[in-house]
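Nothing in this text is a laboratory measurement; each read-out follows from the coordinates by a stated rule. In this text, all values refer to a predicted model and were calculated from it rather than measured experimentally. In this analysis, Cβ positions are derived from the backbone assuming ideal geometry, glycine residues included, and neighbour counts consider all displayed protein chains.
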């Protein structure tokens with residue numbers, strides 16, 4: 001169970017990490033792991049082994065260089081920049097050609113801007129109730145079927161569908177409230 | 001008012017950020033502990049030439065011999081320092 005509130009701002013998280021709060025570091029990794037992973041694996045289409053190397057290296061750099069971050073609220077762009085730079089270094093070192101297009105899991109082209117937007121949606125998702133977060137994450141990010149979610153939560157499939165719809169509506173309201 | 005966040009687009013954006021493999025996340029979360037252990041190992045190696053030679057010869061065996069847990073971030077950092085050319 002997380003003991004650091006997920007509602008902590010990035011600045012607060014950075015300050016707690018600088019104070020060597022281990023729970024804050026766990027939360028930082030949890031908060032940005034999907035983002036770093038998406039840049040490596042979708043943005044630059046690295047192999048799983050290369051993506052893992054970049055992933056670990058990025059968090060090592062974040063940990064060791066957190067004191068050099070000038071604007072604590074700029075944590076996400078800083079991590080994004082570190083990740084993109086490491087991906088490019090790895091591609092250059094291997095003599096490979098940098099991908100011209102970035103591809104989403106469904107085959108569409110995507111961009112780092114779109115990953116940033118996706119990150120904003122996840123931040124909004126974190127403001128919803130735990131059951132809503134779980135429902136939407138299972139269905140969209142983990143590709144779990146109605147049947148699988150229904151079995152795990154011991155609920156009828158029809159209930160799953162209506163809850164997903166309701167939670168999606170709440171997420172949309174949360175996003176629109178932030179606009 | 002029209003919204004850029006129609007539900008189909010929200011679903012699409014949620015799909016973009018999939019969970020990273022659990023082991024990767026855990027390894028990254030272990031970094032602070034790994035750094036502390038690494039500092040201890042480096043201090044020992046600087047004071048004990050035999051231990052340092054053992055680290056260079058066979059890093060994982062030397063760590064196991066001394067009872068250190070060979071986590072991924074610890075091994076990565078120590079390999080940079082003690083890997084044989």
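Can you give me the Rg/Rh ratio for region B:21-82, using Cα atoms for both radii and the Kirkwood formula for Rh? Mind dumping the intermediate values first?
Details: Rg = 11.7 Å, Rh = 11.8 Å.
We get a ratio of 0.99 for region B:21-82.
Using Cα atoms only, what is the angle between the long axis of helix B:7-16 and the major principal axis of chain B, expressed in degrees (0 to 90) to the nearest 10?
The helix B:7-16 is inclined about 10 degrees to chain B.
Restricting to DSSP H runs of at least four residues, report the calculated mean residue ellipticity at 222 nm for chain B, -39500 (n - 2.57) per run over all residues, nearest 500 deg cm²/dmol. Write out the running numbers ahead of the final one.
Numbers: 6 runs with 62 residues, N = 85.
Roughly -21500 deg cm²/dmol at 222 nm, from the helical runs in chain B.
Round to the nearest 0.05 the FRET efficiency obtained for residue A:153 and residue B:35 when R0 = 41 Å and r is the Cβ-Cβ distance.
On the way: r = 40 Å, r/R0 = 0.97.
Calculated value: 0.55.
Using the alpha-carbon atoms, what tilt in degrees (0 to 90, nearest 10) does helix B:31-47 show relative to the longest principal axis of chain B?
Value to nearest ten degrees: 20.
Cα centroids of region A:1-62 and region B:2-60: how far apart, whole angstrom?
9 Å
Please compute the contact order of chain A in relative form: average sequence separation of alpha-carbon pairs under 8 Å and at least six residues apart, divided by the residue count, as a percent. Please report the intermediate quantities before stating the final value.
Values: 138 pairs, mean separation 34.7, N = 179.
Here the relative contact order equals 19 percent.
Could you tell me which of rounded, prolate or oblate describes chain A, using a ≥ b ≥ c as the square roots of the eigenvalues of the alpha-carbon gyration tensor, with rounded for a/c under 1.5 and, failing that, prolate when a/b is larger than b/c and oblate otherwise?
oblate
For the Cα atoms of chain A, what angle does the longest principal axis make with the long axis of helix A:112-125, in degrees from 0 to 90, nearest 10?
40 degrees
Rounded to the nearest 0.05, what FRET efficiency is calculated for residue A:70 and residue A:176 with R0 set to 41 Å and r the Cβ-Cβ distance?
Details: r = 32 Å, r/R0 = 0.78.
Efficiency at R0 = 41 Å is approximately 0.80.
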